[in-house]
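Q: Okay, here's the structure, questions in a sec.
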Amino acid sequence: MKNLIIILFLAVFQVGNIFAQDTLKKKTADNPYPRNAWTVGLTATETGFGFSGGYFKNLNKDYDLFITLSVSSVSDPREIQQYDYWGNTYIAGKQNRVYSIPLTIGIQRYMFRDDIEGNLRPYIIAGVSPALILTNPYSESFFSAIKYTQPSFAAGGFIGIGLEFVESTALSLSINARYSYIPVIGREINSLENTPLKDIGGLQISFLVNFLH
């Protein structure tokens, strides 16, 4: 999963470079840096996939404050999908379905503002990420398991890098890679039997659509 995420990020990064070569000299006359934005996106992590939404608030020329909420599935890296005699899939020792709902609050800093005139905006990000963790028994069907859902919590921080491509004063696209450390707090979280998850963080790639205003 980690190799797939890295390949996806590098591929989109290369596409971004090609796109930037064609648009680098374009600049919106009225507002060259449209910044406040509602955002929605997809996330890919080492343990699962999910979606996110949030808001970015311009602080000054180079900095944005942002808050996002995301939902994703979580799996243990030791899980191995197997097949029975009839071709049905199962995971040996699977105890719970695990879902993560992190709230991320952070700062985004645009880099090389004076060196790049155009639609390409590299940036770095950092922040904190408390998370609600939900588990329910894998032995139950998806909908039947909902009534057995139990909460737990985790909290940590993250750092990352990204690229934003501004399409117009109303729309931009972003991709970023971040690494987070989010240790579990309190109740033990098990995806596999007798193997508690200590940290639900790790490498994450996000693909975002930003609605600027």
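Q: Tell me, which residue of segment 122-156 that is closer than 16 Å to Ser72 by Cβ, crowded, with 18+ Cβ neighbours inside 10 Å and not hydroxyl-bearing (Ser, Thr, Tyr) is nearest to the chain's Cα centre (by Cα)?
A: Ala131
Q: Going residue by residue through segment 184-192, is there one that turns out to be buried (at least 17 other Cβ atoms within 10 Å of the Cβ) and among the small types (Gly, Ala, Ser)?
A: Yes, there is a match, as at least one residue in segment 184-192 is buried (at least 17 other Cβ atoms within 10 Å of the Cβ) and among the small types (Gly, Ala, Ser).
Q: With closer than 16 Å to Arg121 by Cβ and modelled with pLDDT of 50 or more as the only criterion, which of Leu59, Leu103, Leu24, Leu42 stands out? Don't jump to the end; show me each part of the working.
A: Working: Leu103 fails: closer than 16 Å to Arg121 by Cβ; Leu24 fails: modelled with pLDDT of 50 or more; Leu42 fails: closer than 16 Å to Arg121 by Cβ.
Just one listed residue meets the conditions, Leu59.
Q: Another question about this same structure. Can you work out which of the residues in segment 155-203 that are in contact with a Pro (Cβ under 6 Å, 6 or more places away or on another chain) and assigned to a strand (DSSP E or B) is farthest from Gly93 (Cα to Cα)?
A: Checking each candidate, the answer is Leu163.
Q: Among the residues of segment 193-213, which ones are of a type in the set (A, V, I, L, M), surrounded by fewer than 22 Cβ atoms within 10 Å (Cβ to Cβ) and within 19 Å of Val98 (Cα to Cα)?
A: Within segment 193-213, just Leu203 meets the criteria.
The values are calculated or read from the model by the stated rules, or taken from the named source; none is laboratory data. Since the model is a prediction, treat every value here as computed from it, not as a measurement. Every residue, glycine among them, receives a Cβ derived from its backbone with ideal geometry; neighbour counts consider all protein chains shown.
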